[in-house]
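For reference, the structure discussed in these notes is given below.
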Amino acid sequence: MLNPFRSGGNPHVLLVGMTGVKLGERFAQVGCAHGGRLAAVAAKVGLSGRAVAIVPDEASAARARKGAADAGVLVEVETAPPTQLPLEDEEIDLAVIDETSGLLRMLRPEDRAATVREVRRILRPGGRVLVVASAPRSGIGAWLTPGPGTPPFDPSPDLQAGGFKSVRTLAEREGLVFVEGMKPRRLAPAGDSPSQPEHSVSPGAPPRRRVDAK
């Protein structure tokens, strides 16, 4: 049986599988530590979808453009702070936050909260956010790393505080950690009746008689 997450020469199969991105979807990535990862996800939305990278500086923008060009995919690249994403409300299906370079971890707590709110704002109801972070080193890798190292950063509390639901760690594989959250679907306000039930009676209509089965 084939393993769908086995790279087989493509180093980004795991990432694409974890995003669950589909053809025609609208995808935004915040931050870009690796242009190849961005391009691999962008390729899956196709020409019928949309891929946008919002990056904080020109170096990240250059990585995003090079990754897209090398893969031959179309990616809109915008340079803006993560606290002010240049996208309209609810116009994105999937948002990926590239945390592998510490984008969230290095922000002040108030800016981190603002970034999560911005990501929630641009997502449609029911849309998903996926934070991709570097996994903490273990085994011989940790032993060979000089110094105490950087403690692992868990974005789950920030996602939950920002209003995301069903926050969970999907996997920790190939040096990456994948943390997912979902924007709640919009509920109808209490008392609203978007559609009239079949058993309801229109104003002015005679009451229906109940007929008991014999």
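Each of residue 10 and residue 59 was given a label point 7 Å from its Cα along the Cα-to-Cβ line. The distance between the two points is 3.0 nm.
Excluding residue 48 itself, what net charge comes from residues whose Cβ is under 13 Å from its Cβ, given Lys and Arg +1 and Asp and Glu -1? Around residue 48, the surrounding residues sum to +2. Amide H to amide H distances under 5 Å link residue 127 with 183, where only residues 5 or more positions off or on other chains count and H is placed in the peptide plane. Sum up the charges of everything whose Cβ sits under 14 Å from the Cβ of residue 112, counting Lys and Arg as +1 and Asp and Glu as -1, but leave residue 112 out. Residues close to residue 112 contribute a combined charge of -2.
Residues with beta-carbon under 15 Å from that of residue 64, excluding residue 64: net charge, scoring Lys, Arg +1 and Asp, Glu -1? Each step should come with its number before you reach the end.
Working: positive: 37, 50, 63, 65, 66; negative: 57, 58, 70, 76, 78, 98.
Around residue 64, the charge tally is -1.
Projecting the Cα atoms of 129, 20, 92 onto the charge dipole of the range 19-182, computed from C-beta unit charges around the Cα centre, puts 20 farthest toward the positive end.
Just how large is the dipole of the range 19-182 about the Cα centre, in debye to the nearest 20, putting +1 at every Lys and Arg Cβ and -1 at every Asp and Glu Cβ?
Using Cβ point charges on Lys, Arg, Asp and Glu, the range 19-182 gives about 340 debye.
Label positions at residue 23 and residue 154, each projected 7 Å from the Cα along the C-beta direction, are separated by 4.0 nm. Considering only 102, 41, 62, the residue lying farthest towards the positive end of the dipole of the range 19-182 is 41, judged by Cα position with unit charges set on Cβ. Considering only alpha-carbon pairs that sit under 8 angstrom and 6 or more positions apart, the relative contact order computed for the range 19-182 is 20 percent.
Peptide packing: for 54-66, 26-38, the average count of neighbouring Cβ atoms within 10 Å per residue gives the ranking 26-38, 54-66, highest mean first. The length gained by stretching the chain between residue 105 and residue 174 to full extension, at 0.36 nm per residue less their Cα-Cα distance, is 22.8 nm.
Taken together, the values in this text are just the output of simple stated rules run on the coordinates, not laboratory data. Owing to the predicted nature of the structure, the values given are computational and were not obtained by experimental measurement. Here the Cβ is made from the backbone with ideal geometry for all residues, glycine too, and neighbour counts use every protein chain on show.
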